[in-house]
Amino acid sequence: MSTGFNTRAIHAGQSPDPTTGAVIPALYQSTTYAQDGIGGLRNGYEYGRGTNPTRDALQEQLAALEGGRHAFSFSSGLAAEDSLIRALLVPGDHVVLGNDAYGGTYRLINRVLSPWGITNAAVDMSDAAALQSAIAGGNTKMVWLETPSNPMMKISDISAIAQAAHDAGALLVVDNTFASPYLQQPLALGADIVVHSTTKYIGGHSDAVGGAVILNDDAAAEKIGFIQFAVGAVSAPMEAWLTTRGLKTLGVRMDRHSANAMAVATWLLDQPAVESVLYPGLADHPGHELAKAQMKDFGGMVSVSFKGGEAAARKVAESTKVFTLAESLGGVESLMNYPAEMTHASVKGTELAVPENLLRLSVGIEDLEDLIADLDQALGQL
């Protein structure tokens, strides 16, 4: 039977326990499993680094929600990215990524994997000619896309970029962390692989670090599974269980995140101290129509720049009461981030550097009136 997103989120991989009837599957903290004779594994379970029932349940849930055949749950988003790249690329291969990619992704590719022989180019993914130029030459094997991007909120055409990548013999990887599988389905739009920091919207409660890779290709999945097992970058059972719990409410949370973010972005537009508001839900956002076409809603992330420059941005960031000044995003609580010195400090001084007058807001699910009042008093400090 074909079911809707929220039904899959609640039931995929979550069958009641066959022995007790427990509606919530058990948390399996065991590191090893008894064998019925040498090599006599029960349902394939042998050792926790290789397999774990709690992690398997989460992986089934993730695959169901992203429309993929295979899903892998990792210890962090960057662990997922690292394993994916090393599983599918070899020294001499080239990666093209967006010129406002997440700083941690760029650091991984440019500083960790570059000495191993992976080269890269950062381009504006909304510029088709620049993308075509960057992937020319024959050794581009992977195109890495974030949409919406972090933190500049650029919207890129997944289908068109998938076609450009495939024409060059490359894979398209989409980091779907900002949108979540509830708002955007990259595999259905032509992407080959989806990655997530499940720490963010998927987990949703700022209490479990994790990452995920979802795809359809069987051969690529086998390679990724081997690297994950060989390197050991697996999510721990407790983190997998917490992520599964959070994922069940993703749909209702994203509805509230999106509604609150739209209202916050609209309010910010009218503030005299604000230079610009970056939110794809706004009609004047350059990617608004594309976002409407490939997303269900516009998400909970808003970036805002200030006329008063760095000093104004810092003052607002340090003056909020409901918005917490902290790294990360996607939790039920609202967070305020100064990317130039926090999440994107690793790209300072590069072409991926973030403007120093910009703040990134992860708009939570609190009462909207309280969020607006908090921002109003913070801007009143300027």
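Is there a pair in Lys248/Lys321; Lys292/Lys348; Lys154/Lys200 whose C-alpha atoms are over 24 Å apart, and which pairs would that be?
Where the Cα-Cα span goes over 24 Å, the pairs concerned are Lys248/Lys321; Lys292/Lys348.
Which shape class, rounded, prolate or oblate, goes with the stretch 174-319 when its Cα gyration tensor gives a ≥ b ≥ c as root eigenvalues, a/c under 1.5 marks rounded, and past that a/b bigger than b/c marks prolate?
It comes out prolate by the Cα gyration axes.
Any idea how far apart Leu41 and Asp376 come out in nm if each label point goes 7 Å out from Cα toward Cβ?
6.0 nm
Cβ neighbours within 10 Å, averaged per peptide: list 16-28, 197-209, 269-281, 79-91 in order, most packed at the top.
My ranking of the peptides, most packed first, is 197-209, 79-91, 269-281, 16-28.
Roughly what % of Cα-Cα distances in the chain sit above 29 Å, to the whole percent?
42 percent
If a/c stays under 1.5 just call it rounded; otherwise compare a/b with b/c (prolate if a/b is bigger, oblate if not). Do that for the stretch 157-260, with a ≥ b ≥ c from the square roots of the Cα gyration tensor eigenvalues.
Oblate shape, in that a/c is at least 1.5 and b/c is the bigger or equal ratio.
Which percent of the accessible heavy-atom area of the stretch 107-172 goes to carbon and sulfur, probe 1.4 angstrom?
It is 50 percent, rounded to a whole number.
Of all alpha-carbon pairs in the stretch 89-136, indicate the percentage at a distance above 16 angstrom.
38 percent
Treating each Cα of the stretch 21-146 as an identical point scatterer and ignoring solvent, apply the Debye formula and state log10 I(q)/I(0) at q = 0.13, 0.17, 0.18, 0.19 Å⁻¹.
For the stretch 21-146 at q = 0.13, 0.17, 0.18, 0.19 Å⁻¹, log10 I(q)/I(0) is -0.72, -0.96, -1.02, -1.07.
On a C-alpha basis, how far is the centre of the stretch 203-221 from the centre of the stretch 85-125 in Å? Whole number, if you could?
Here the two parts' Cα centres lie 19 Å apart.
Using Stokes-Einstein with the Kirkwood hydrodynamic radius over Cα pairs, what translational diffusion coefficient do you get for the stretch 190-250 at 37 °C and a viscosity of 0.692 mPa s, in µm²/s rounded to a whole number?
263 µm²/s
Kindly report the accessible area of the chain per residue (heavy atoms of protein chains, probe 1.4 Å, no ligands, DNA or RNA), in Å².
About 40 Å² of surface per residue is accessible.
How many angstrom lie between the C-alpha centres of the stretch 11-77 and the stretch 142-186?
If you average the Cα positions of each part, the centres end up 29 Å apart.
Taking the full set of protein chains and a 1.4 angstrom probe, give the accessible area of Arg69 in square angstrom, rounded to the nearest 10.
Only protein atoms counted, so the area is about 150 Å².
Hey, what's the per residue convex hull volume over the C-alpha atoms of the stretch 266-326, in cubic angstrom?
So the per-residue Cα hull volume is 105 Å³.
The values are calculated or read from the model by the stated rules, or taken from the named source; none is laboratory data. Quick caveat: nothing in here was measured; it's all calculated off a predicted structure. Neighbour counts run over all protein chains shown; Cβ positions are idealised from the backbone, glycine included. Remember, those area values only see protein heavy atoms, side chains included, never the ligands or the DNA or RNA. Shrake-Rupley method; radii C 1.70, N 1.55, O 1.52, S 1.80 Å.
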